[in-house]
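J.: Sharing a structure here in structure tokens format.
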Ligand code: CP3
């Protein structure tokens, strides 16, 4: 099968035949086959076996017919290489055994050794580069979101310790941001060299900050990451996570191609707030998937109609899929996005020609 680059073209705001779709967390527990694999292996054990990690990455592409694959990994994977000892605990998430609490903890972090410590991730990408007929998206956690796990030691609601360091010890905070920024840059660069065709920077929890604090404490590192990776000829996506609507004006000037939106802000508003230069990705509330198919299609159609008004739109959810999502509904939604948007876009292509014809009369 020929390589289908619809997703890459949409990211670059180029014309497409249909709107591409992929789902955050598309490899996961809603799939019974994935749950079977998880009976024998933990997430990190899967990641350490390139053939298996590649297979898990491919499963949703085959089953759902999505337009992009996302590397099976976790945002925590690279932090082991800089000296963080963690587990991904079932039904909890990342748990760090040596959380960062002081200046000396930050100073003790090592530079990342991608080939030495994370060669298995690069081998997985190389396998996928050979096998996939749609683009592979690789990803990294963004420094704030990673710091929230490294400092709190586990998933957190209020980010109390994280904010305590940010506001109370800014020099320690900025030293941590710098080290995590260096890590992310080296890690993503290696992914692209190994065959990743796009990447997404997940800043899932940064929406917990006031815009002025985002601008002061986080944005400089985000800006540096995209600027230092600007030479890579792949679409770059920044996902500022849930509740990030108020941060969207701060996206202006980032050397990213696509901004991921959650469901609280419409695509039109998202385009406006980010200044109109970016492609947008999103933004169905994942829990809409609990409703009957007619409701799901109705909600998707509202998003698709807005998205198609301008070039540069990738359909996705506003956050990751949850474990109870249903494979059949996801497949039906993917088919619906493809059929509805290919019809609409082909009608739109014909209309200007007809208008020209009528002018001549
Ligand atoms: O399919 C994909 O999207 C690719 C794989 C992927 C995973 N994690 C695998 C995973 C991706 C892109 C991530 C990113 C990730 N990991 C984020 C950013 C995206 C987001 O959801 O905001 C974050 C914050 C993490 C940290 C993390 N890892 C959390 C909060 C959890 C959930 C805990 C739980 O049990 O619900 C994990 C575990 C995790 N990472 C799972 C998967 C498939 C679920 C548990 C498992 O199957 O082992």
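Laboratory data are not the source of any read-out in this text; all were calculated from the coordinates shown. Model, not experiment: these values are computed from the prediction. We place every Cβ from the backbone using ideal geometry, glycine too, and count neighbours over all the protein chains shown.
J.: Given R₀ = 35 Å, what would the calculated FRET efficiency be for residue 302 paired with residue 349, taking r from the Cβ atoms and rounding to 0.05? Don't skip to the answer; put the middle values down first.
T.: Details: r = 22 Å, r/R0 = 0.63.
Taking R0 as 35 Å, the efficiency between residue 302 and residue 349 is 0.95.
J.: Still on this structure, I have one more. Kindly provide the pair-distance distribution of the stretch 10-360 built from C-alpha pairs, with 10 Å bins from 0 and whole-percent values in order of increasing distance.
T.: The distribution over the stretch 10-360 is 5, 25, 34, 25, 8, 2, 1, 0, given as percents.
J.: Next question. If you count the DSSP beta bridges with both ends in the stretch 10-360, what percent of them are antiparallel, to the nearest 5? Walk me through the numbers on the way to the answer.
T.: On the way: 4 of 26 bridges.
Close to 15 percent.
J.: So, one more: Any idea how far the Cα center of the stretch 318-354 sits from the one of the stretch 24-103, in Å?
T.: If we compute the Cα centre of each part, the gap is 27 Å.
J.: Now for a separate question. Sort 70, 84 so the one with the fewest other Cβ atoms within 10 Å of its own Cβ comes first.
T.: 84, 70
J.: Let me ask another. State, to one decimal in nm, how far the label point of residue 175 lies from the label point of residue 243, with both points 7 Å from Cα in the Cβ direction.
T.: That separation, rounded to one decimal, is 3.0 nm.
J.: For the ranges 31-37, 149-155, 112-118, what's the packing order if you count other beta-carbon atoms within 10 Å of each residue, average per peptide, and put the highest first? Please list the in-between numbers first.
T.: Numbers: 31-37: 14.0, 149-155: 20.1, 112-118: 16.3.
Those peptides, ordered most packed to least, come out 149-155, 112-118, 31-37.
J.: By average Cβ neighbour count within 10 Å, what is the ranking of 121-133, 270-282 from highest down?
T.: My ranking of the peptides, most packed first, is 270-282, 121-133.
J.: Please arrange 57, 221 by counting, for each residue, the other beta carbons lying within 10 Å of its beta carbon, fewest first.
T.: Details: 57 25, 221 21.
The order, fewest Cβ neighbours first, is 221, 57.
J.: Considering Cα pairs under 8 angstrom that are at least six residues apart, work out the relative contact order of the stretch 10-360 and quote it in whole percent.
T.: 22 percent
J.: Restricting to DSSP H runs of at least four residues, report the calculated mean residue ellipticity at 222 nm for the chain, -39500 (n - 2.57) per run over all residues, nearest 500 deg cm²/dmol.
T.: One gets -14500 deg cm²/dmol as the mean residue ellipticity at 222 nm.
J.: Using a Gaussian network model on the chain with a 10 Å cutoff between Cα atoms, which of 302, 247, 180 fluctuates the most?
T.: Per the Cα network of the chain with a 10 Å cutoff, 302 tops the list.
J.: Further, regarding this structure: Return one number: the angle in degrees, 0 to 90 and rounded to the nearest 10, between the long axis of the Cα atoms of helix 143-152 and the longest principal axis of the Cα atoms of the chain.
T.: So the helix axis and the longest Cα principal axis differ by about 40 degrees.
J.: Here's something else I'd like to know. Taking the Cα atoms only, what angle lies between the long axis of helix 219-228 and the longest principal axis of the chain, rounded to 10 degrees?
T.: Computed tilt is about 70 degrees.
J.: Per-residue counts of other Cβ atoms within 10 Å, averaged by peptide: what ranking do you get for 93-100, 74-81, highest first?
T.: Taking the mean over residues of other Cβ atoms within 10 Å, the ranking is 74-81, 93-100.
J.: Could you grab the Rg to Rh ratio for the stretch 268-352? Cα atoms only, Kirkwood for Rh.
T.: 0.99
J.: OK, next. Choose one answer from 192, 92, 234: the residue with the largest mean-square fluctuation in a GNM of the chain with alpha-carbon springs under 10 Å.
T.: Ranking 192, 92, 234 by mean-square fluctuation puts 92 first.
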